[in-house]
1. Please tell me the relative contact order of segment 2-244 in percent, rounded to the nearest whole number, where contacts are Cα pairs under 8 Å and at least six residues apart.
2. Could you work out how far helix 117-130 tilts from the main Cα principal axis of the chain, as a 0 to 90 degree angle to the nearest 10?
3. Among THR56, THR96, THR202, what is the fewest-to-most ranking by other Cβ atoms within 10 Å?
4. Restricting attention to segment 21-86, which GluC sites (Glu not before Pro) occupy a DSSP loop and are surrounded by at most 15 other Cβ atoms within 10 Å?
5. So what's the angle, to the nearest 10 degrees on a 0 to 90 scale, between helix 148-162 and the longest Cα principal axis of the chain?
6. Considering the alpha-carbon set of the chain alone, what are its Rg and its Dmax in angstrom?
7. Within the set of other residues whose C-beta is less than 12 Å from the C-beta of ILE212, count the net charge using Lys and Arg as +1 and Asp and Glu as -1.
8. Pull up all non-local amide H partners of VAL93: gap of 5 or more, or a different chain, and H-to-H distance under 5 Å with H placed in the peptide plane.
Amino acid sequence: MLKIKNLHANINDKEILKGIDLDIKAGEVHAIMGPNGSGKSTLASVIAGKEEYEVTKGNVILNGEDLDDMAPDERAHKGIFLSFQYPVEIPGVSVTNFIKTAINETRKANKQEEISAKDLLKKIREKAELLEIDRKFLSRSLNEGFSGGEKKRNEIFQMAMLEPKLAILDETDSGLDIDALKIVANGVNKLKNKDNAIIVITHYQRLLDYIIPDYVHVLHQGKIVKSGGKELALELEEKGYDWLK
Ligand code: ADP
Ligand code: MG
Ligand code: MG
């Protein structure tokens, strides 16, 4: 599904990613770990196509298509979902309405009809039940006064509704309490299927007590210095990152 080959990327002329290779197949969950400042969020941003990053070498290929020069919204329409580290508040726009707009933008870009009110409702019901989200939550204004846990709930709900091919969940290095971790983990476990792939970026081993990744990669100074199975996360928990530097 996603192939990253020898990816190098700069921000403000400073090289941050220094040759990343990654191969992600449908049905897989990959965890990307690594110390603060190792380039985890940069990698997520570059995959999503954020324009402040400059790819200087290498490729990001989604289902055989090179994403080079593709704007973030085009990538989103192709099925890439990046969670928001700093979600915007939109007073007066409900969680539901925001999602409806996002779904219809994607449909329009893919030359499909708008979702009908009936289908939207059905899907909302289905996903809210799956993720155990109170329907009252869905009529609240987007992110307005949301707690950390509610922001995560909203993010996971968006992911469920948009059904991305590749979801990238970049957890901030701070402020994630245990409830928020569990919301993310539960969501990932329930939304994982044979047709999608999920990248979970985390600084914490703790998250991986709840999500069982198929692969774990450790990033250090813009390179993947170690890859392994879920046992690598446990090893990191025990030994920290220093032995890999
Ligand atoms: P992580 O998510 O692993 O903590 P980041 O990808 O956020 O790491 O950052 C990687 C490196 O890039 C850090 O050294 C950081 O200081 C640097 N960096 C990130 N954003 C910018 C920016 N806008 N300008 C300059 N350097 C940046
Ligand atoms: Mg950081
Ligand atoms: Mg980060």
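Values quoted throughout were computed directly from the atomic coordinates according to the rules given, and no laboratory measurement underlies them. Computed from a predicted model, the values in this text were never measured in an experiment. Glycine gets a Cβ as well: all are built from the backbone with ideal geometry, and neighbour counts include every protein chain shown.
1. Values: 422 pairs, mean separation 70.3, N = 243.
After rounding, I find 29 percent.
2. 50 degrees
3. In order of increasing Cβ crowding within 10 Å: THR56, THR96, THR202.
4. Sparse-neighbourhood loop GluC sites (Glu not before Pro): GLU51, GLU52.
5. 80 degrees
6. Considering the chain through its Cα atoms, Rg and Dmax are 17.8, 55 Å.
7. Net charge in that neighbourhood comes out at -2.
8. Placed amide hydrogens put LEU142 under 5 Å from VAL93.
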